[in-house]
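First the structure, in the form of structure tokens, and then the observations on it.
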Amino acid sequence: MTTPSFVYNSVPQRVVFGAGSLQHLAREIDALGARRALVLSTPEQRLQAERVADMLGAHAAGVFDRAVMHVPIETAREAREVATRLGADCAVAIGGGSTTGLGKAIALDSGLPILAIPTTYAGSEMTPIYGITEAGMKKTGKDFKVLPRTVIYDPELSLGLPVGMSVTSGINAIAHAAEGLYAVDSNPIMDLMAQEGIAALGRALPAIRATPKDPDARSDALYGAWLCGTVLGNVGMALHHKLCHTLGGSFNLPHAETHTIVLPHALAYNAEAAPRAMERIVKALEGSGSAAQAVYDLARDNGAPVALRDIGMKEADLDLACEHALKNQYPNPRPLERAAIRALLQNAWEGVRP
Ligand SMILES: NC(=O)c1ccc[n+]([C@@H]2O[C@H](COP(=O)([O-])OP(=O)(O)OC[C@H]3O[C@@H](n4cnc5c(N)ncnc54)[C@H](O)[C@@H]3O)[C@@H](O)[C@H]2O)c1
Ligand SMILES: O=C(O)CCC(=O)CC(=O)O
């Protein structure tokens, strides 16, 4: 096989990886040239945020603990005001995609550098993509100002991530890599990262289910999340991400669970149009059937939800979801066909194995 032509953009970002790597926080803040860090978290992770602020000592400007999913504009404004009032010259985001997303909303406005400390596998820390919700509509955009300058991946911080959330968050990460493998602007470097990322999560999730505090499995999962997040940040996403964005944004479905349920069906939809991508997914997951089945089995066998009806989606809303998904055209290996997408949504709602 000859190597195809491609464009690859490399972006400067520093990653510090390993159990206990949070101990290097002060050094990393110093390397950013920052003096006063505003620490961000959700209310649930306030204690972790306070620990981070304690480690920063005089370099902590304060803790803002009101991050919530999908970054409501009101929260973003409040956090921006707090950052200005406290004279922060850097934001430290400890948590999942919601907290990193809040840091991005501050950076978008002020250019403040972000140091991200991810504790889920969503992968936002590796992307220049931001999302802000205003008047019930989530808008996303891309700006390199919001890409965290430094990321500290410390698997010890995710030891307490509940098993259910670990599995769905891990499959959210797999979705980034899977769609990266058939992206219009894919490239061989991202393909390598995608396959390696899927394989790491495919190994890690069952191990986490068996032993939630297994340090090696947590480390493997975070490594996979890093690789998959990098793919999301570098190449364009397709039908699957569009569907999840619609289902999350318009029907208020939970983010990682929605990804987990929809991915097998989106892969089945694209299977014939993207055979090489499917082969790589099957290989990474050591599956015996199709890529769609391998992802479905990973979810089902590890206790994750497999049906949209089980996470609050109404059957009566499937037509509207289909309309939304067809509204804007976007690249996808298989053309967007109304009847087939409606069938995909029905299958995902019922939770049938593709
Ligand atoms: N911009 C991007 O590139 C990108 C990528 C992926 C996801 N996202 C966004 O991120 C959001 C979802 O992020 P998420 O799935 O990470 O969920 P989340 O950040 O909302 O976290 C879910 C819950 O888990 C808690 N939590 C996180 N880590 C924990 C830990 N180690 N132990 C115990 N509890 C923990 C959080 O405090 C929160 O209560 C969505 O809004 C999504 O759109 C953005
Ligand atoms: O930051 C966002 O809200 C958009 C990117 C995103 O959520 C990626 C995903 O669907 O996992």
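Throughout, read-outs are computed from the coordinates displayed, never taken from laboratory work. Worth saying up front: this structure is predicted, and the values here are computed from it rather than measured. In this analysis, Cβ positions are derived from the backbone assuming ideal geometry, glycine residues included, and neighbour counts consider all displayed protein chains.
Within straight-line reach of Lys142, meaning a Cα separation under 16 Å, sit the following lysines at least 8 residues removed in sequence or on another chain: Lys104, Lys242. Computed as a quarter of the hull surface, the mean projected area of the alpha carbon convex hull for the range 14-158 stands at 7.3 nm². Were the residues from Thr2 through Ser110 laid out at 0.36 nm apart, the gain over their Cα-Cα distance would be 34.4 nm.
The range 1-65 and the range 218-288 have Cα centres spaced 25 Å apart. Taking every DSSP beta bridge that has both ends in the chain, the antiparallel portion is near 25%.
The per residue volume of the convex hull around the alpha-carbon atoms of the range 163-350 is 99 Å³. If R0 equals 22 Å, the separation of the Cβ atoms of Asp30 and Lys139 corresponds to a calculated FRET efficiency of about 0.05. The relative contact order of the chain, computed from alpha carbon pairs under 8 Å that lie at least 6 residues apart in sequence, is 15 percent. Take the Cα of Arg353, step 7 Å toward its Cβ, do the same at Ala307, and the gap between the two points is 1.5 nm. Phi-derived couplings, Karplus 6.51 cos²θ - 1.76 cosθ + 1.60 at θ = phi - 60°, listed residue by residue for the range 304-318: 7, x, 10, 10, 4, 5, 7, 10, x, 7, 8, 4, 5, 8, 5 Hz, with x used for Gly and Pro. Under the simplified labelling scheme, the Glu315-Ala273 pair shows an inter-label distance of 2.8 nm, with each label point 7 Å from Cα along Cα→Cβ.
Quick one: if you take sqrt(5λ) for each eigenvalue of the C-alpha gyration tensor of the range 126-172, what semi-axes come out, biggest first, whole angstrom?
Square roots of five times the eigenvalues give 25, 18, 9 Å.
Amide H contacts of Cys90 (H built 1.01 Å from N, in plane; Pro and chain starts excluded): Arg36, Leu38 sit under 5 Å, all sequence-distant by 5 or more or on other chains. Where does the chain land on Rg/Rh, using Cα atoms and the Kirkwood Rh? Looking at the chain, the ratio lands at 0.96. Packing, taken as the mean count of other beta carbons within 10 Å per residue, orders the peptides 333-344, 260-271, 80-91 from highest to lowest as 260-271, 80-91, 333-344.
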